[in-house]
1. Got a number for residues in segment 74-106 being surrounded by fewer than 18 Cβ atoms within 10 Å (Cβ to Cβ) and touching a strand residue (DSSP E or B) at 6+ places or on another chain (Cβ under 7 Å)?
2. Please verify whether Ser123 is surrounded by fewer than 15 Cβ atoms within 10 Å (Cβ to Cβ), assigned to a helix (DSSP H, G or I) and polar (S, T, N, Q), treating the condition exactly as stated.
3. Pick from segment 126-148 the residues that are within 16 Å of ligand 2 (Cβ to nearest atom), assigned to a loop (DSSP other than H, G, I, E, B) and touching a residue at least 40 places away in the same chain (Cβ under 8 Å): which of them is nearest to Asp94 (Cα to Cα)?
4. Looking at Gly60, Gly52, can you tell me which residue is touching a His at 6+ places or on another chain (Cβ under 7 Å) and of a type outside the set (A, V, I, L, M)?
5. Hey, could you check segment 1-22 for residues that are within 20 Å of Ile74 (Cα to Cα) and more than 15 Å from the chain's Cα centre (by Cα) and say which is modelled with the lowest pLDDT?
6. So which pairs qualify, if the first residue must be in segment 94-106 and within 11 Å of Asn34 (Cα to Cα) and at pLDDT 95 or above, the second must be more than 12 Å from ligand 2 (Cβ to nearest atom) and charged (D, E, K, R), the Cβ gap must be under 7 Å, and the two must be at least 6 apart or on different chains?
7. Say we look at segment 12-35 and pick out the residues that are touching a Leu at 6+ places or on another chain (Cβ under 9 Å) and not in a strand (DSSP E or B); which of these is farthest from Tyr105 (Cα to Cα)?
Amino acid sequence: QSELSTDKPLHQKKVLVSAGPTFEAIDPVRFIGNHSSGKMGYAIAEELAMQGANVTLVSGPTHLQTQHKNIRTIRVTSAKEMLDECSSIFPVIDIAVMSAAVADYTPIEVASQKIKKTESEFSIALTKTKDVLGELGKQKKPNQLLVGFALETNNELDNAKAKLEKKNLDFIVLNSLNDKGAGFQKDTNKISILDKKGAIESFDLKPKTEVAKDIVNKIVSLLHA
Ligand code: CTP
Ligand code: CA
């Protein structure tokens, strides 16, 4: 491979990546979150930058750091903040890869003081968050490439296909949680890629850094198609 940056396949492409979980505040000390480590999204951001892209990484709370100088990181906490950052950047973006594990529900109200325990049961009223990827799918112009993820435990292919269509994606990365080495907090993943033309490609269980290469290769091949 040439050392000349102008020869890299994603030279001067503006790419948006979302990564990590979101935290939805309940009160000043508590939140609703999930087990996403952010590793997959950060690996994708690094690989895209290595291929010449200018990457904006919108990251939920993680302990990860980026290496490549062409990655600009915007840190957010909640689904609402992730939506606001992603949708404001998206109009100038060539390629967006939404790998964040965005919370689907958020408390209707955030208590201003710490909620004290009582003898009775306790419940929190939740409202649905906006789908960041779905919103970008609505805004998407023909020259923009949009990639999403699907995390499924059953009916994997059908559910992933439905998300691909509903969210107006170019392709979707199906994460198989069934495989013991795959998923949350792990360093490996097992994926399949389904594209909008109906092609399905399944990959072996491998390190997330290698999975990131498979995903970026798919992006490059679609750009050249
Ligand atoms: N996603 C998003 N914003 C949300 C929820 C999901 O951007 N509020 C994105 C994720 O980043 C991922 C894709 O949508 O790229 C699929 O997420 P997933 O949780 O698998 O699907 P959902 O559409 O949320 O449906 P469900 O959780 O009910 O399966
Ligand atoms: Ca979800």
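The values are calculated or read from the model by the stated rules, or taken from the named source; none is laboratory data. Quick caveat, the model's predicted, so the values are computed rather than measured. With ideal geometry, Cβ positions are generated from the backbone for all residues, glycine too; neighbour counts draw on all protein chains shown.
1. Of the residues in segment 74-106, 7 are surrounded by fewer than 18 Cβ atoms within 10 Å (Cβ to Cβ) and touching a strand residue (DSSP E or B) at 6+ places or on another chain (Cβ under 7 Å).
2. Judged against the criteria, Ser123 is not a match.
3. Lys130
4. Step by step, each of Gly60, Gly52 is checked, and only Gly52 is touching a His at 6+ places or on another chain (Cβ under 7 Å) and of a type outside the set (A, V, I, L, M).
5. It comes out as Gln12.
6. Ala103/Glu24
7. Filtering segment 12-35 for residues that are touching a Leu at 6+ places or on another chain (Cβ under 9 Å) and not in a strand (DSSP E or B), the one farthest from Tyr105 (Cα to Cα) comes out as Lys13.
One line per residue, one yes/no per condition, for (1) more than 14 Å from ligand 1 (Cβ to nearest atom); (2) of a type outside the set (S, T, N, Q); (3) closer than 28 Å to Ile193 by Cα; (4) touching a helix residue (DSSP H, G or I) at 6+ places or on another chain (Cβ under 7 Å):
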| site | (1), (2), (3), (4) |
| --- | --- |
| Glu85 | no, yes, yes, no |
| Phe90 | no, yes, yes, yes |
| Asp94 | yes, yes, yes, no |
| Met98 | no, yes, yes, yes |
| Ala101 | no, yes, yes, no |
| Glu109 | yes, yes, no, no |
| Gln113 | yes, no, no, no |
| Lys116 | yes, yes, no, no |
